[in-house]
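Values in this text are rule-based calculations from the coordinates and carry no lab data. Remember, it's a predicted structure, so these values are computed and weren't measured experimentally. Note that we place each Cβ from the backbone using ideal geometry, even for glycine, and neighbour counts take in every protein chain shown.
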Amino acid sequence: QKEVEQDPGPLSVPEGAIVSLNCTYSNSAFQYFMWYRQYSRKGPELLMYTYSSGNKEDGRFTAQVDKSSKYISLFIRDSQPSDSATYLCAMSAGMDSSYKLIFGSGTRLLVRP
Amino acid sequence: GAVVSQHPSWVICKSGTSVKIECRSLDFQATTMFWYRQFPKQSLMLMATSNEGSKATYEQGVEKDKFLINHASLTLSTLTVTSAHPEDSSFYICSAEFGDEQYFGPGTRLTVT
């Protein structure tokens, strides 16, 4: 079993839709949770970073963490064609360099105009 | 701020030759840099952690003698793929630690023919 599971998609939605992206994990030591966006042939870009269970909002993006279920989500409101990318969840047990970032395999999102 | 560059962005080499990839933090100093490999439609897999002035720490299964890492300054880490083979063809991404975050480079696509 992988430490982090993420549905690879692709997920295709019409412009303006609410998008829900999810990851599950098995390691209860994970305390920090991140969402990255990766455009084709580019490096990942950090979108959201959360520590505690609950919701964190930033513009059209909301990150949700449920540590009891080992489940995290990223919601995108009013999705735009420019949101089309691969979204990677990542998590670690700590925030200094001695802790590895473990990535999900990424979900490819396509927002249709 | 916190920009990381990689050079080259794309390289083709013949089997048996060596290739050097540079990772630079442009506007900050990074004691720690990371090297990842990403195969198509797969997640980023950490290859090694590079600390300025000391030997890199390699992940299990990564050959130290094949993937040489040098972190000679606080703004530059290099990855040399020695005696490259077609199975080394991949997308290599570096990241640099700044505060609590890792900032990723744009990646280098290596094709070994």
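Consider a paramagnetic label point 7 Å from the Cα of A:Arg112 along Cα→Cβ; state which residues of region A:15-38 have an amide N under 14 Å from it.
Residues A:15-17 fall inside that zone.
Please list, in order along region B:24-30, the HN-Hα scalar couplings obtained from phi with the Karplus expression 6.51 cos²θ - 1.76 cosθ + 1.60 (θ = phi - 60°), rounded to whole Hz, x for Gly and Pro.
After applying 6.51 cos²θ - 1.76 cosθ + 1.60, I find 10, 8, 7, 10, 7, 9, 10 Hz.
Report for the protein assembly as shown the percent antiparallel among DSSP-assigned beta bridges with both residues inside it, nearest 5. Mind dumping the intermediate values first?
Working: 74 of 82 bridges.
Once the DSSP bridges in the protein assembly as shown are tallied, antiparallel ones form about 90 percent.
Tell me the relative contact order for chain B as a rounded percent, counting alpha carbon contacts under 8 Å between residues six or more apart. It would help to have the intermediate numbers written out before the result.
Values: 288 pairs, mean separation 41.8, N = 113.
RCO, chain B: 37 percent.
Could you tell me the number of lysine pairs in chain B with C-alpha atoms less than 22 Å from each other, where the two lysines are 8 or more residues apart or belong to different chains?
7
Name the residues whose placed amide hydrogens come within less than 5 Å of the amide hydrogen of A:Ser105, ignoring near sequence neighbours (fewer than 5 apart) on the same chain.
Distant-sequence amide H within range of A:Ser105: A:Gln6.
Distance between the C-alpha centers of region B:39-95 and region A:86-101? Whole Å please.
17 Å
Find out how many positive minus negative residues lie around B:Ser54, taking Lys and Arg as positive, Asp and Glu as negative, among other residues whose Cβ is under 15 Å from that of B:Ser54. Each step should come with its number before you reach the end.
Numbers: positive: B:Lys55, B:Lys64; negative: B:Glu52, B:Glu97.
Result for the local shell: 0.
Return the loop-located GluC sites (Glu not before Pro) in region B:23-113 (DSSP other than H, G, I, E, B) with at most 11 other Cβ atoms within 10 Å of their own Cβ; answer none if there are none. Walk me through the numbers before you get to the answer.
On the way: sites: B:Glu52, B:Glu59, B:Glu63, B:Glu87, B:Glu97, B:Glu101; in loops: B:Glu52, B:Glu59, B:Glu63.
Listed in order of number, the matching sites are B:Glu63.
What net charge is computed for the residues neighbouring B:Glu101, neighbours being all others with C-beta under 13 Å from the C-beta of B:Glu101, Lys and Arg scored +1, Asp and Glu -1? The partial results should precede the final answer.
On the way: positive: none; negative: A:Glu45, A:Asp96, B:Glu97, B:Asp100.
Here the count lands on -4.
Counting only DSSP beta bridges with both residues in region A:5-113, tell me the antiparallel percent, nearest 5.
Looking only at bridges with both residues in region A:5-113, the antiparallel portion is about 90 percent.
Tell me the Rg and the Dmax, in Å, that the Cα atoms of chain B produce.
Values for chain B (Cα only, Rg and Dmax): 13.1, 39 Å.
Mind checking which aspartates and glutamates have their C-alpha under 13 Å from A:Lys70, skipping anything on the same chain fewer than 8 residues away?
Answer for A:Lys70, where 13 Å is the Cα cut-off: A:Glu3, A:Glu5, listed by chain and number.
Say the dipole of chain A comes from +1 at the beta carbon of Lys and Arg and -1 at that of Asp and Glu; which of A:Met95, A:Pro44, A:Leu21 then lies farthest toward its positive end?
Of A:Met95, A:Pro44, A:Leu21, it is A:Pro44.
Just checking the protein assembly as shown: which Cys have no other cysteine's beta-carbon under 4.7 Å?
B:Cys13
Tell me, what ³J(HN,Hα) does each residue in region B:70-79 have, in order and in whole Hz, if you take phi through Karplus 6.51 cos²θ - 1.76 cosθ + 1.60 with θ = phi - 60° and put x for Gly and Pro?
Result, ordered by residue: 10, 10, 7, 9, 6, 10, 9, 10, 10, 10 Hz.
To the nearest 20 debye, what charge dipole does the protein assembly as shown have about its Cα centre, counting +1 at the Cβ of each Lys and Arg and -1 at the Cβ of each Asp and Glu?
Details: 21 positive and 22 negative charges, 105 e Å.
The dipole of the protein assembly as shown has a size of about 500 debye.
Work out the length of the dipole vector of chain B about its Cα centre, built from +1 on the beta-carbon of each Lys and Arg and -1 on the beta-carbon of each Asp and Glu, and round it to the nearest 20 debye. Mind showing how you got there, number by number?
Values: 9 positive and 11 negative charges, 82 e Å.
Charge dipole of chain B: 400 debye, to the nearest 20.
Let me check I've understood the local charge: for A:Met95, count other residues with C-beta under 10 angstrom from its C-beta, Lys and Arg +1, Asp and Glu -1. What total comes out? Write down the numbers at each step before the final one.
Numbers: positive: none; negative: A:Asp96, B:Glu97, B:Asp100, B:Glu101.
The answer is -4.
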